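What follows is a single structure, written as structure tokens, with notes after it.
Bear in mind these aren't lab numbers, they're just calculated from the coordinates by the rules spelled out. These numbers come from a predicted model, not from an experiment. Note that each Cβ is placed from the backbone with ideal geometry, even for glycine, and that neighbours are counted across all protein chains shown.
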Amino acid sequence: MKMLILTLLISMNCFASYYTIGDTLDYEIHNPPLNICAGDELGSTIFLSDYIGKIIILGITASWWDACYWMDLEDLHEYYIDDHRVVVIENLDDIGQPYSCEQWAIGAENNQLFTDDGDGYPLFEMFSIYNYFAERAVIDHNKVFRYLGVDNDEVISAVDSILNSWVLGDTNFDQTIDVLDIIIVVNNILNSIYSATSDMNEDGLTNIQDIIILINTILEN
């Protein structure tokens with residue numbers, strides 16, 4: 001086990017992060033499948049691109065690093081549990097060395113997503129600027145990599161800063177609310193896609209009520 005950990009630590013220093021703070025993610029190139037490995041959605045597969053239009057808080061951990069236990073994201077999940085604009089994902093690499101995903105998730109809320117990105121370390125390679133596993137990355141609703149660190153208060157500060165500048169109705173993020181945004185909301189409804197920027201009344205749904213509110217907002221401006 002010690003040799004395995006030493007090998008992994010050495011190899012980690014060879015990885016160069018694909019992204020640095022301020023970069024916009026390219027989901028056509030970097031969008032690994034994340035297998036949900038604990039909770040109510042066990043066995044499902046998600047992708048980071050599923051959450052375009054939301055803020056992603058992503059924990060990057062490994063089962064062999066006991067120190068990662070203090071990195072549990074439950075507090076962050078609880079803090080944003082009523083905010084549909086934020087999703088919390090804890091990704092666990094090297095499952096079973098020694099802890100299973102279920103063991104790691106004990107005591108956490110089922111709505112907090114626990115995932116495994118399979119063979120290799122694609123998420124680690126995407127975001128690990130500092131070359132260690134105990135990290136939290138924040139990706140905003142525009143797919144911009146906004147924060148990397150380990151402190152919950154810093155994560156909350158980064159996310160709240162994004163939320164404070166959030167513009168409801170600007171579904172294409174062009175800093176203007178117009179007919180193009182109405183078209184996007186209609187397409188979201190027709191394709192059963194939820195987008196927090198389309199959720200004008202912030203009820204966790206995208207429907208005809210949001211279109212009416214959006215139209216009224218445009219007319220008032």
Legend entry - Added length on full extension, which subtracts the Cα-Cα distance from 0.36 nm per residue, N131 to T217: 26.4 nm
Inset, instruction - Find which of F127, S63, N152 sits farthest along the positive direction of the dipole of region 41-155, computed with +1 on the beta-carbon of Lys and Arg, -1 on that of Asp and Glu, about the Cα centre. - result: F127
Legend entry - GNM result for the chain, Cα springs below 10 Å: residue of G96, G59, G169 fluctuating most strongly: G96
Inset, instruction - Determine the percent antiparallel among the DSSP beta bridges restricted to the chain, to the nearest 5. - result: 60
Inset, instruction - Once you have the Cα-Cα distance between N164 and D50, take 0.36 nm times their residue separation minus that, and quote the gain in nm to one decimal. - result: 38.8 nm
Legend entry - For the chain, calculated [θ]222 nm from helices alone, where every DSSP H run of n ≥ 4 adds -39500 (n - 2.57): -8500 deg cm²/dmol
Inset, instruction - Specify the inter-centroid distance of region 12-63 and region 158-182, based on alpha-carbon positions, in whole Å. - result: 23
Inset, instruction - For the chain, just the Cα atoms, rotate onto the principal axes and tell me the three extents in Å, largest first. - result: 66, 33, 31
Inset, instruction - State, as an integer percentage, the relative contact order of the chain based on alpha-carbon contacts under 8 Å between residues 6 or more apart. - result: 22
Inset, instruction - Calculate the spin-label point distance for T20 paired with N201, positioning each point 7 Å from the Cα along the beta-carbon direction, and give it in nanometres. - result: 4.6
